[in-house]
Amino acid sequence: MNRVSPLVPIVALGIAMLACSENPTPTDPGTPPDVTPSARASAGAAGTYVILYKGTAVPADAAETVAGAGGTLVARYDAIGVAIARSTSSSFAAAIGKDKRVEGASATAGVATRMTEELREAKPLPAGTPAPGDDPFSVYQWDMVQIHAPEARAIDGGSPSVVVGDIDTGIHFTHPDLAPNVDFANSVSCLGGVANPDPAAWADDNGHGTHTAGTIAAARNGIGIVGVAPNVKVAAIKAATSAGFFFPEAVICAFMWAGSHHLDVTNNSYFADPWLFNCRNDPEQRAIWKAEQRAIRYAMQQGVTVVAALINENQDLSKRNIDGISPDDGPPLTREVTNACVVIPVEIPGVIGVSANGPSRQKSFYSNYGVGVVQVVAPGGDFPFQTEDPFAGLVLSTFPGGYALSEGTSMASPHVAGVAALAISAHGTMSPGKLQALITRTADPVACPPEPFNPGGFFPATCQGGVGYNGFYGPGQVNALAVVSE
């Protein structure tokens, strides 16, 4: 899911810690937190629209035609034929749709937020510096041990010339474990569909992005934890509101930014709101689905490796499913979805889809799965089913004001993004396809668990396939050491 449940403070490790979980209770992983839904576009209220043009470019007179339909052009992406507009007219989509060059137009519910922070200067480590040791709280990083990250870091801790774009809620860039590695030049807020490089705009006002960033690149500096690739740079690409909503205009902007700035990797620990499954045969969703697909493909064409979480509904994404949580910015409408519907970005071809496991290396109770969808599995945590010790079953990472424990496929995906960054650091720039092949080829095979698989009696799932590839784990668990050593 995109949002994190209310935080429960605990005291441990000699500091004030925060425990959080993407799954509010072990008996109901899909229950959303109590948040105020954002309003959809209506007469008198400014709404945001994604306009999908039939061609691969935005017409030169787009601003004029948008104005004629009762709107204002906010952003144009000529490389993919997509524009973002704002309008107070409830008939805007129908009006702009009369333009024969427009394939479709859909309203979104994006909300822009800002947060002010002071900059803190920090010096990066030189290129090629190994990072074999541990920081004070690394004893609780079972997840890093499980993917052989410490051994990999002893060979190559990553290069500062490698940049991972964390498309998330922003980054708390003054955090002492992240400050040395934050790439200010490539960080941006995409809220509202417009790129804003002001650090006050892309600062984290949720915490989710700071947590994923720490797993990727927390520095080895004698403080807190160590990330998978502690010497690489991480760029905040803020695409979520403070409530954790990733709306289409921000997602499109984020991938266009990553592609145009030639970032090496992006981590995507979310699904693109407001629909869990985006259906190309649904008139309202088609324009959004195709516009996001074009943006993701653009980024990959520019050499960006896209890593994404499979999300936390314990559903087989290769089968027919029931979507009972969308749209998540208003009252949900239960609907059956088919293979014409996909979770974005993880089901876009070429994206590295990551499922989650726990300390026993079995599928986490919440993790989605499916043959053809999972490219690799990584630690996301599984508490309390695989262990009753939160420090041995949840993923510890950075958080505004300290550190936090959490579980979810959101926690699994950044492990793989960090390994991808180590691979580029060790072997040089490579195409997304070649990098995906390296990660899957070096994964540790994991067999399907004995049937029936049903943690706690609440989360039944069926694993299809064998040791070489199956729907729970793909080819197996990501192995940082094997990736760096090959």
The lysines whose Cα lies under 21 Å from the Cα of Lys363, excluding any fewer than 8 residues away in the same chain, are Lys319
For region 432-484, the Debye formula with one identical point scatterer on each Cα and no solvent gives log10 I(q)/I(0) at q = 0.23 Å⁻¹ as -0.83
By the mean-Cβ-within-10 Å protection proxy, highest first, 432-439, 198-205 rank as 198-205, 432-439
Once the in-chain neighbours fewer than 8 apart are removed, the lysines whose Cα is under 24 Å from Lys100 read Lys54, Lys290
Using alpha carbon centers only, region 354-419 is separated from region 198-276 by a whole-angstrom value of 17
Compactness summary of region 139-284: radius of gyration and Dmax from Cα atoms, Å, are 15.7, 54
With 0.36 nm assigned to each residue of separation and the Cα-Cα distance removed, Ala46 to Val139 gains 28.5 nm
The local net charge around Thr440, scoring Lys/Arg +1 and Asp/Glu -1 for residues other than Thr440 whose Cβ lies under 15 Å from its Cβ, equals 0
For region 196-279, the Debye formula with one identical point scatterer on each Cα and no solvent gives log10 I(q)/I(0) at q = 0.12, 0.16 Å⁻¹ as -0.40, -0.69
Expressed in µm² per second, the diffusion coefficient of region 345-411 from the Stokes-Einstein equation, with Rh the Kirkwood radius over alpha carbon pairs, at 10 °C and 1.306 mPa s, is 127
Using alpha-carbon coordinates alone, the radius of gyration and Dmax of region 339-486 in Å work out to 15.3, 46
FRET efficiency (Ala94, Ala60; Cβ distance; R0 30 Å; to 0.05) is 0.80
Mean Cβ-within-10 Å packing, highest first, puts peptides 374-383, 443-452, 401-410 in the order 374-383, 401-410, 443-452
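A short reminder: the numbers here are calculations on the coordinates, not readings from a lab. None of these values were measured; they are calculated from a predicted model. Note that we place each Cβ from the backbone using ideal geometry, even for glycine, and neighbour counts take in every protein chain shown.
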